[in-house]
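Participant: Quick one: the structure is below, and I'll ask about it shortly.
The values are calculated or read from the model by the stated rules, or taken from the named source; none is laboratory data. All values derive from a computational prediction rather than experimental measurement. Cβ placement follows ideal geometry from the backbone for every residue including glycine, while neighbour counts extend to all protein chains displayed. We work out accessible area using only protein heavy atoms, side chains counted, and drop any ligands, DNA or RNA first. Shrake-Rupley method; radii C 1.70, N 1.55, O 1.52, S 1.80 Å.
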There are 2 protein chains.
Amino acid sequence: MTDTLPANLQQAVNQWSACLGAEHVLRDAAAIAARERATFASAHRIAAIVRPGSVAEVQQCMGIATELRVPVYPVSSGRNWGYGSSLPASDGNVLLDLSRMNRILEINTRLAYATIEPGVTQGQLLAALQAVEPPLWLDATGSSPDCSIIGNTVERGFGHTPYGDHFGHACALQVVLPNGELVETGFGQFPGAKATAVYRWGVGPAIDGLFTQSNLGVVTRMTAWLMPKPEYFQAFFFRAKEEALEPIVEALRTLRLEGSLRSAVHFVNAHKVISSTGRYPWDAADGAGRLPESVMQQLIHQWGCEAWNGSGALYGTPAQVSAARRRVVELLRPQVTELRFLDDRLIRIAGRLRTPYKWFTGVDLTQAMALVKPVYELMKGIPTRQMLASAYWRKRAVPEDADPDRDRCGLIWSNAVCPAEAGEVRRMAALVEQVFAKHPFEPAMSMTLRTERAIDNIISITYDRDRPGEDARAMMCHDELVGTLMDAGFYPYRLGVHSMEHAAARRDGAARALMRQLKAMLDPAGILAPGRYSG
Amino acid sequence: MTDTLPANLQQAVNQWSACLGAEHVLRDAAAIAARERATFASAHRIAAIVRPGSVAEVQQCMGIATELRVPVYPVSSGRNWGYGSSLPASDGNVLLDLSRMNRILEINTRLAYATIEPGVTQGQLLAALQAVEPPLWLDATGSSPDCSIIGNTVERGFGHTPYGDHFGHACALQVVLPNGELVETGFGQFPGAKATAVYRWGVGPAIDGLFTQSNLGVVTRMTAWLMPKPEYFQAFFFRAKEEALEPIVEALRTLRLEGSLRSAVHFVNAHKVISSTGRYPWDAADGAGRLPESVMQQLIHQWGCEAWNGSGALYGTPAQVSAARRRVVELLRPQVTELRFLDDRLIRIAGRLRTPYKWFTGVDLTQAMALVKPVYELMKGIPTRQMLASAYWRKRAVPEDADPDRDRCGLIWSNAVCPAEAGEVRRMAALVEQVFAKHPFEPAMSMTLRTERAIDNIISITYDRDRPGEDARAMMCHDELVGTLMDAGFYPYRLGVHSMEHAAARRDGAARALMRQLKAMLDPAGILAPGRYSG
């Protein structure tokens, strides 16, 4: 292969090899092919993989890339499933794989934070936290224990505890600029500053936002704030009829705004429940189209779900939880078919009973635990592999070592942010239904009250990449979906490599010009992640 | 005067007059002199005052300034007392006075926010909120009802409710760039976006931080999130001995981290209590130096204060407040001499009693209300004029229409951020005491747990500008103070025109270079607030 390389790329490979050791500059077809796979089709090819082991090496790599004008695309763990996995946002990039930089640099139990490198995964930090006293909880995304915390934070991803807004609970970024210079954010810019890890803004212009959802720098270190383990934790689960959407939104917004709920609450439609937890019913349907309504009704009955199925949690002393619970009951119960609370004690008791513990109507808690436990644990900041299984919805089985990229699972995420207001949420949901009515996929929606005022609707298109033509059909559905939602004012909080140009093209002229100026200033050679969040 | 103007400034004045009307371009000596006054000495002179009334006019003003290379300095209300009032950060600027832009563009009671212009003051928004249902609370700084909300937010100032971090509870900035272009932040960059006012980050790089504590753009509109009025509000007050500082810090951090306290808690030393609420005891001391210890002891006894005097508040349903209160009692009471709770009902009852209601030992609540009420109301988001009086500490009296700039009050603020850890806070406080021991001023300290992990120490130097030599002596004290604190790693969260170069000079080389690049990119003519946050 080497002889086919353009001269500048060959030279870069040589220089990177000299810096990092040849074993950390990969050019073999198998390694590259593995990173070119995603959960949807893409024509973007990867030219090589470079694996720096330290910030100094990242600086060298970037300096070489800028000098020789070779585009590089940083990934932390590369598990950005549904948004592009490891795939660069344009063709011919060299993958800058940061997974070797996986040191937990500090865990501070008194001030409740961890300072980490980009290769540190959710599972790794969880394990490290299990060894400290007093105990601290992380906030995990639903993705998997193998996902990078920094990777998710710079994408402004979210989790499900009171620390669910990841970028809002992080500070002190260390960033390698495209020219190889090293810049710190916040008080990290000042020698010996004591508050670097505990205070976000520092003094002077706050630049950290520039390095999220961007291609302006490579984040090589970050402080993530952590939550002290609460004395008591109680989750709640509810189910509700279709027409309850509006009053549920109003009740949940009120509860969040008044502070009774301090964490993300989320509720999903029946398609999402069924595709997350079951397999496509091959006997009852043929996998060629959206599940027939009659089959859906059977599955809804079988899984004991409803049109909307929600969960949330309460954190604090027993008295605090009980006071908050009272408000949840007061505002939410009238809107829903059923509302159930769950804590560790009830789980233990139910496990010991000889007769089934009836939890929801027609649902035994012990049976329901397969469905409930991953969500329950996520709300305690414990990442799960369970969610991965949902990528296999239209596959025949989920292998032990699930790898959606390898197994040709089709999964395309999209999402839209909406004010937490009944009418707007209904309008958004109806648009999603309308679009999916024209496409052979299930409209799986997961709505999250990420903040007091905003709901994210995460919509997945799940399909089988081995089915001929399905990649194209799924992407058509996606494109129509995001176009329709943006036309109506519902823009995404986050993009995948498949959707970056859709949103970037809608930015107004002045903002687009400013983004271009920033890019030209920080990356005049245009070598860092071309096309990332800039279309 | 006009004939002495440099040609470019004269031309700018002509063009601004043509755009805004001559009545909004002020050149008369009295108007200018009024804006050149601050609460400390400064050699910065103002060349003219320009008063645009709309964003289009701000754009025109900036375009003219850039074209003709005339430096302009934006102020909203110009009441940045102790940090420079209306004073530009360098000499010869034209003041861009935004106070005419004082429209409240929207109050959304369901989603709990207000979208405002820079001239909107705390008092103005409070009055507007008193007319809406359901009721919303703002978060006010201690400064005065006449302060601009946007002005304080872009300085990343703070208040005392759960929405105390002002920039953390604001979004959707509209910014005029130095060249006159208009840029929006967050989803405001996307046509018809519905979540602009409710979701901070938008999609793509987050640029809003660039326009806080900077000279990169003029913020002409902002959305401030507001807190729904809680069902029940209860404040608490405590006093404690000097040696209690360490356990108090540990207790308050724990309470904030666990979520029992959700708002800023603050505690001040005796010097701060006395100088905030009383007048300098001219009969007992001569005003030439720091109060003698014996006089201090008398005043401490007279005001019923202690070495440390704190306050905080609980917000929620009665049950939630009661559960939180239990934790406050459990953790804080063992550390303090006295801990008292206060709510509207107790205030009413005490007011009706015939005999004094003993609140703190030796302190009758009705008497104490003069001292307590401004703090109590601030924690409900009600701004007060009371704090203004503290600028008159070394004056003989506070006039009805207090104006510290006009009345030659000496007031220099400085501040330092510290991790919320006992040892660090003690170290910081000891450094402050050490510096003041060498200077003839009272070391008034006000410590605020702004976040779960960080304490801001706000330190005031209060003096009489009419006393010969005192301006210079006070600034010497300030300079030594901030130098000593920064040497020890305690950097300020915010600067005044008197301190900008101190901090900027300590920024590391890479960050300084990046700041310079940003400035050169957005303001190539260097005309927007030269020296502001850049030394």
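Participant: Would you tell me the accessible area of A:Lys373, worked out with a 1.4 angstrom probe on the heavy atoms of the protein chains, in Å² to the nearest 10?
Facilitator: Surface open to solvent at A:Lys373 totals about 100 Å².
Participant: In Å, the Kirkwood hydrodynamic radius of the range A:309-350 over pairs of distinct alpha carbons?
Facilitator: 11.4
Participant: Output the Cα-based Rg and Dmax of chain B in Å, rounding Rg to one decimal and Dmax to a whole number.
Facilitator: Spelled out, the Cα radius of gyration and Dmax of chain B are 23.3, 72 Å.
Participant: Here is a further query. Enter the angle in degrees (range 0 to 90, nearest 10) between the Cα long axis of helix A:365-378 and the first principal axis of the Cα atoms of chain A, meaning the one along which they spread out most.
Facilitator: Between helix and principal axis, roughly 40 degrees.
Participant: Could you give the length gained on full extension between A:Ala525 and A:Thr4, defined as 0.36 nm per residue of separation minus the Cα-Cα distance, in nm?
Facilitator: Result: 185.3 nm gained on full extension.
Participant: Straight-line reach only, C-alpha to C-alpha below 27 angstrom: list the lysines that B:Lys229 could link to, leaving out same-chain residues fewer than 8 apart.
Facilitator: Partners found: B:Lys194, B:Lys373, B:Lys380.
Participant: Next question, about the same structure. Can you give me the orientation-averaged projected area of the convex hull built on the Cα atoms of the range B:470-524, in nm²?
Facilitator: 4.7
Participant: Find every distance from the label point of B:Glu433 to the corresponding label point in the other copies (7 Å from Cα along Cα→Cβ) and write them in nm, one decimal, shortest first.
Facilitator: Once sorted, the set of distances for B:Glu433 reads 6.8 nm.
Participant: Then there's this: So what's the angle, to the nearest 10 degrees on a 0 to 90 scale, between helix A:318-332 and the longest Cα principal axis of chain A?
Facilitator: Compared with the principal axis, the helix lies near 70 degrees.
Participant: Ordering B:Trp81, A:Trp303 by how much accessible area each has at a 1.4 Å probe, largest first, what is the list?
Facilitator: Result, largest first: A:Trp303, B:Trp81.
Participant: Under 13 Å from a point placed 7 Å out from the Cα of A:Lys373 along the Cα-to-Cβ direction: which residues of the range A:248-288 have their backbone N that close?
Facilitator: Residues passing the 13 Å test: none.
Participant: While we're looking at this one, here's another question. Can you give the accessible area of B:Ser276, probe radius 1.4 Å, in Å² rounded to 10?
Facilitator: Solvent-accessible area, nearest 10 Å²: 20 Å².
Participant: In whole Å, what three semi-axes, largest first, describe the equivalent ellipsoid of the range A:311-437 built from its Cα gyration tensor (square root of 5 times each eigenvalue)?
Facilitator: 29, 25, 15
Participant: Further question on the same structure: Along Cα-to-Cβ, 7 Å out, sits the label point; list in nm, shortest first, how far the one on B:Arg516 is from those in the other copies.
Facilitator: Copy-to-copy label distances for B:Arg516: 2.8 nm.
Participant: Another question, then. Tally Lys and Arg at +1 and Asp and Glu at -1 over the other residues with C-beta under 11 Å from the C-beta of A:Leu26: what net charge comes out?
Facilitator: 0
Participant: Another question, if that's okay. Sort B:Asp343, B:Asp91 by accessible area with a 1.4 Å probe, largest first.
Facilitator: B:Asp91, B:Asp343
Participant: So what is the relative contact order of the range B:172-278, in percent, for Cα pairs below 8 Å that sit 6 or more residues apart?
Facilitator: With pairs under 8 Å counted, the relative contact order is 22 percent.
Participant: Right, here's the next one. With the cut-off at 1.5 for a/c, could you classify the range A:73-194 from its C-alpha gyration tensor as rounded, prolate or oblate?
Facilitator: Judged from the Cα gyration tensor, the range A:73-194 comes out oblate (a/c at least 1.5, b/c at or above a/b).
Participant: Now, a different point. Give me D for the protein assembly as shown in µm² s⁻¹, whole number, from Stokes-Einstein with Rh from the Kirkwood sum over alpha-carbon pairs, 4 °C and 1.567 mPa s.
Facilitator: Roughly 42 µm²/s, to the nearest whole number.
Participant: Related question: Got a sec? Charge dipole of chain A, +1 on Cβ for Lys and Arg, -1 for Asp and Glu; which of A:His169, A:Leu431, A:Gln517 is way out at the positive end?
Facilitator: A:His169
Participant: Based on DSSP H runs of at least 4 residues, each adding -39500 (n - 2.57), what is the mean residue ellipticity at 222 nm of chain B after dividing by all its residues, to the nearest 500 deg cm²/dmol?
Facilitator: Only helices count here, giving -10000 deg cm²/dmol.
Participant: Given +1 on the Cβ of Lys and Arg, -1 on the Cβ of Asp and Glu, and no further charges, what dipole in debye does chain B carry about its Cα centre, rounded to the nearest 20?
Facilitator: Details: 56 positive and 55 negative charges, 193 e Å.
Dipole of chain B, to the nearest 20 debye: 920 debye.
Participant: I'd like the Kirkwood hydrodynamic radius of the range A:439-479, using the inverse of the mean 1/r over distinct C-alpha pairs, in Å.
Facilitator: Kirkwood hydrodynamic radius for the range A:439-479: 11.7 Å.
Participant: Calculate the all-directions average of the projected area of the range B:418-524's alpha-carbon convex hull, and give it in nm².
Facilitator: 8.8
Participant: Next question, about the same structure. Can you pull the mean other chain C-beta count within 10 Å for peptide B:68-80? Don't skip to the end; give the middle numbers.
Facilitator: Values: counts 0, 0, 0, 0, 0, 0, 0, 0, 0, 0, 0, 0, 0.
Mean inter-chain Cβ contacts per residue within 10 Å come to 0.
Participant: Further, regarding this structure: Taking the Cα centre of the protein assembly as shown as origin, work out the dipole magnitude from +1 charges on Lys and Arg Cβ and -1 charges on Asp and Glu Cβ, in debye rounded to 20.
Facilitator: The calculation lands at about 1700 debye.
Participant: Let me ask something else. Could you give, in nm with one decimal, how far A:Gln297 is from each other copy of that position, shortest first, with labels 7 Å out from Cα toward Cβ?
Facilitator: Those label-point separations list as 8.8 nm.
Participant: Also: Quick one: which residues, 5+ away or cross-chain, put their amide H under 5 Å from the amide H of A:Leu261? H built at 1.01 Å from N.
Facilitator: The list, which skips near neighbours in sequence, is A:Arg256.
Participant: Still on this structure, please answer the following. As a test question: what accessible area, to the nearest 10 Å², does A:Glu231 have when a 1.4 Å probe is rolled over all protein chains in place?
Facilitator: 130
Participant: Any idea what % of Cα-Cα pairs in the range B:378-440 are farther than 16 Å?
Facilitator: 64
Participant: Turning to a different aspect of this structure: Along the charge dipole of the protein assembly as shown, which of B:Ser86, A:Gly180, B:Ala389 sits closest to the positive end, that is, farthest toward it, with unit charges on the beta carbon of Lys, Arg, Asp and Glu (+1, +1, -1, -1)?
Facilitator: Going by the charge dipole, the pick is B:Ala389.
Participant: How big is the charge dipole of the range B:293-425 about its Cα centre, in debye rounded to the nearest 20, if each Lys and Arg gets +1 on its Cβ and each Asp and Glu gets -1 on its Cβ?
Facilitator: 560
Participant: To test your reading of the geometry: what angle, between 0 and 90 degrees and rounded to tens, separates the Cα axis of helix A:293-303 from the longest principal axis of chain A?
Facilitator: Taking the Cα atoms of chain A, the angle to A:293-303 is about 80 degrees.
Participant: If you don't mind, another one. With every protein chain kept in the model, how would you rank B:Arg426, A:Arg516 by accessible area, 1.4 Å probe, largest at the top?
Facilitator: Greatest to least solvent exposure: A:Arg516, B:Arg426.
Participant: Among B:Ala444, B:Ile49, B:Thr277, whose Cα sits farthest toward the positive end of the charge dipole of chain B (+1 at Cβ of Lys/Arg, -1 at Cβ of Asp/Glu, about the Cα centre)?
Facilitator: Of B:Ala444, B:Ile49, B:Thr277, it is B:Thr277.
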